[in-house]
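These notes concern the structure reproduced below.
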Amino acid sequence: MPHTLYITPGSGNSFKPALVLRQTGRACTFIALDVLAGQTRQADFLGINPRGQVPYLVCDDGRSVGESNAIAWLLAEGSSLMPSDPVARAQAVQWMIFEQTALEPFISLARFYTLVMPALRAAHEADLPRWLEAGERGLALLDRHLAGRAFITDHGYSVADIAVYGYTHLAGEGGFNLAAYPAVQAWLQRVAAAPGYADIHTLLAGRPA
Ligand SMILES: N[C@@H](CCC(=O)N[C@@H](CS)C(=O)NCC(=O)O)C(=O)O
C-alpha cells in the first residue's frame, strides 16, 4: 500500500510534498480536502490529524507526519533532492525553518485574503501592510542569499529549494512585487526548469476529493 497524502488544491504547502513525489517518481495516493468547506475540521479528518491541517501524510506503515516541510523532507530521503553533506543538510533545515517563519506566514495570509477570499479582505485591511512588510523583509533576505548562487544550498537543487519555492513563487498573488528581487526571480526560473517540474495546478487540481 502506498503512502496517502492529504492535500488541498491551490495550497503552496500542499504543493511542496506533491512536487517532491513528482520529482522522485514515488507512488502516493492523494486525497484532496476542501478547506473552505471545512473538511479539514470535520471529525473524520481530525481523527487522522488532530491539528486539522493539510498537507498531512499517512505512511504505508500507518505512522503519520504533519507539516509540509517535514513531509517533503521524509519523501526526499534517499533521492538526489536530499543533501548528503552534513553542513548542506543543516543549511537545508535552516532555510526550511526560515520559510516557515519569515515567508510562509505572511505570503500565505496576504495571498489568501487577496486571491482566495477577497470578500474577507476588508476585515484584514489593517493587517495587510504588516504582512506585506514582513514578507518583503523575508524576500529581501532570500534575495541576498541567492545573489551569486544557483540554489539554496551548495548541494544544488534540493528539498530546501522546493520548500522555499512553495509560497515564494505565489507571492505576486498576495500583492508582493517579485520584480524587486532579481536573484529570487532568476532562482524561481531555475526551479521551474528542474527535471520533472510540474506547476501547482497540474499537481494539485483534479485530485479525488
Ligand atoms: N505550517 C503548516 C501550515 C499548514 C496550513 O496552514 N495548512 C492550511 C492549508 S495551506 C490548512 O490546512 N488550513 C485548514 C485549517 O487550518 O483548517 C505546513 O507547512 O504544513
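The values are calculated or read from the model by the stated rules, or taken from the named source; none is laboratory data. Note that this is a predicted model, so its numbers are computed, not measured. We place every Cβ from the backbone using ideal geometry, glycine too, and count neighbours over all the protein chains shown. Side chains are part of the model used for accessible areas, which takes the heavy atoms of the whole protein and leaves out ligands, DNA and RNA. Shrake-Rupley method; radii C 1.70, N 1.55, O 1.52, S 1.80 Å.
Here are a few things to note about the model shown:
- Efficiency of FRET between residue 137 and residue 199 - r from beta-carbon atoms, R0 30 angstrom, step 0.05: 0.65
- Dividing the summed helix terms, -39500 (n - 2.57) for each DSSP H run of n ≥ 4, by the number of residues in the chain produces a 222 nm estimate of -13000 deg cm²/dmol to the nearest 500.
- If only the Cβ of Lys and Arg carry +1 and only the Cβ of Asp and Glu carry -1, the dipole of the chain around its Cα centre is close to 100 debye.
- GluC sites (Glu not before Pro) within the range 1-105: DSSP coil, no more than 13 neighbouring Cβ in 10 Å: 77
- The GNM of the chain, with springs linking C-alpha atoms under 10 angstrom apart, assigns the highest mean-square fluctuation among 120, 178, 141 to 120.
- Accessible area (Å², 1.4 Å probe, nearest 10) - residue 137: 140 Å²
- Distances between placed amide hydrogens fall under 5 Å for residue 30 paired with 5, all partners being 5 or more residues away or on another chain.
- For the chain, the membrane-span-like helix rule (DSSP H, alpha carbon extent of at least 24 Å along the helix axis, mean Kyte-Doolittle at least -1.0) picks out 128-146; this says nothing about an actual membrane.
- Modelled label reach - residue 4, point 7 Å along Cα→Cβ, the range 49-80 residues with backbone N closer than 14 Å: 49-50, 56-65
- Cα gyration tensor shape for the chain, rounded if a/c is under 1.5, else prolate or oblate: oblate
- For the range 86-192, with +1 on Lys and Arg beta carbons and -1 on Asp and Glu, the positive-most of 171, 150, 94 along the dipole: 150
- Antiparallel beta bridges, as assigned by DSSP with both residues in the chain, represent about 55 percent of the total such bridges.
- Top positive-direction residue, dipole computed over the range 29-120 with Cβ charges, set 40, 112, 64: 112
- For the residues 129, 55, 182, a GNM of the chain with alpha-carbon springs under 10 Å puts the largest fluctuation on 129.
- Test item: Cα-centred dipole of the range 86-192, Lys/Arg +1 and Asp/Glu -1 on Cβ, debye: 160 debye
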